1. Residue by residue through the stretch 202-224, note down the ones that are open to solvent by 60 Å² or more (accessible area, probe 1.4 Å), modelled with pLDDT of 95 or more and hydrophobic (A, V, I, L, M, F, W, C).
2. Looking at this structure, is LEU190 assigned to a helix (DSSP H, G or I), among the aliphatic types (A, V, I, L, M) and at pLDDT 85 or above?
3. If you take the residues in the stretch 166-187 that are among the basic types (Lys, Arg), in a helix (DSSP H, G or I) and modelled with pLDDT of 85 or more, which one is most open to solvent (accessible area, probe 1.4 Å)?
4. How about the stretch 101-165: which helices (runs of 4 or more DSSP H) wholly inside it have at least 1 residues that are at pLDDT 80 or above?
5. Looking only at the stretch 67-90, count every residue that is open to solvent by less than 50 Å² (accessible area, probe 1.4 Å) and more than 22 Å from the chain's Cα centre (by Cα) and tell me the total.
6. Residues in the stretch 193-219 that are part of a helix (DSSP H, G or I), of a type in the set (Val, Ile, Thr) and more than 18 Å from GLU117 (Cβ to Cβ): how many?
7. In the set GLY146, GLY135, which member is closer than 24 Å to TYR90 by Cα and without any contact (Cβ under 8 Å) to a residue 12 or more places away in the chain?
8. In the stretch 146-164, how many are open to solvent by less than 50 Å² (accessible area, probe 1.4 Å) and farther than 19 Å from SER192 by Cβ?
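The values are calculated or read from the model by the stated rules, or taken from the named source; none is laboratory data. Quantities reported herein were computed from a predicted structural model and do not represent experimental measurements. When we count neighbours, we look across all protein chains shown, and the Cβ atoms used for this are built from the backbone with ideal geometry, even at glycine. Ligands, DNA and RNA are stripped out before the accessible areas are found, and what is left, the full protein with its side chains, is counted by its heavy atoms. Shrake-Rupley method; radii C 1.70, N 1.55, O 1.52, S 1.80 Å.
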Amino acid sequence: MVNKSPQPEALGTREAGGAREPGARMRKRRGRGRPPAGSAGNVRERLLHAARELFLRYGYRAVSSRQIGAAAGVNFAMIRYYFGGKAGLYREILQGLLPAQLADFQAWSAGGAGRLEDLLADIARVWAAHPWIAGFVLREVLLPGGPMRGMFLREFPERLVPQIERAVIEQMRCGALREDLDPKLLVLSLISLAVFPFLGFAVTGRVFGVRHDEEFVARFISHTQALLTRGVTATPPTGASAAARHGSVAPARERQ
């Protein structure tokens, strides 16, 4: 008969003589669900990294907690321990996309100190530095039946867009931006300028040469900031500069 006695690793550590150390199995049970001392940060980051890769490749619904745990090399129970479950892990990944400056939007509304061109640069750099964001948004949010659309809307547009809009309205009130602009549409334009080249990278990379490296990103931000600010500044061109911009020619009697 085949000996089916438990293997050493299933029972806990053994002493040098071969006898199982008393209480080893009980101590192992007591420690279940908690990471070893000093390894918490490492386990958490491994789970986040593994989940990002799997979610991007297969989608939220197709990936199980067990698969994430196996890819991270840890017990899948750690997902519940750190994040409350798979949905909480996904939420943590999404929240990690926010640039730090987004936390200052309420201060923008109060003091009008924020600049739209800085916000545009922040958003563009986040999308350029994390190419996998586009895959997440396309698969999980934008496609029909996207499983994370509700969470994405609650965590991002519904919570953050009003803050940006308040900042825009405050800058209009202070005279920094044109008063005839629609604040909500201005926010839409800003996000579109910063995000679309990276969201549509499969096409924009081939047609427009969009890249994720620093040389292109810096050039893209500089161009887009100029495009944005010259279109929303409070002082429009007048007189000769306006005529030159529109290709106008002064009447003959004015030229004489």
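1. VAL203, VAL207, PHE208
2. Numbers: assigned to a helix (DSSP H, G or I): yes; among the aliphatic types (A, V, I, L, M): yes; at pLDDT 85 or above: yes.
Judged against the criteria, LEU190 is a match.
3. So the residue we want is ARG173.
4. In the stretch 101-165, the matching helices (runs of 4 or more DSSP H) lie at 116-129, 132-136, 149-155.
5. 4
6. Count: 3.
7. GLY146
8. 6
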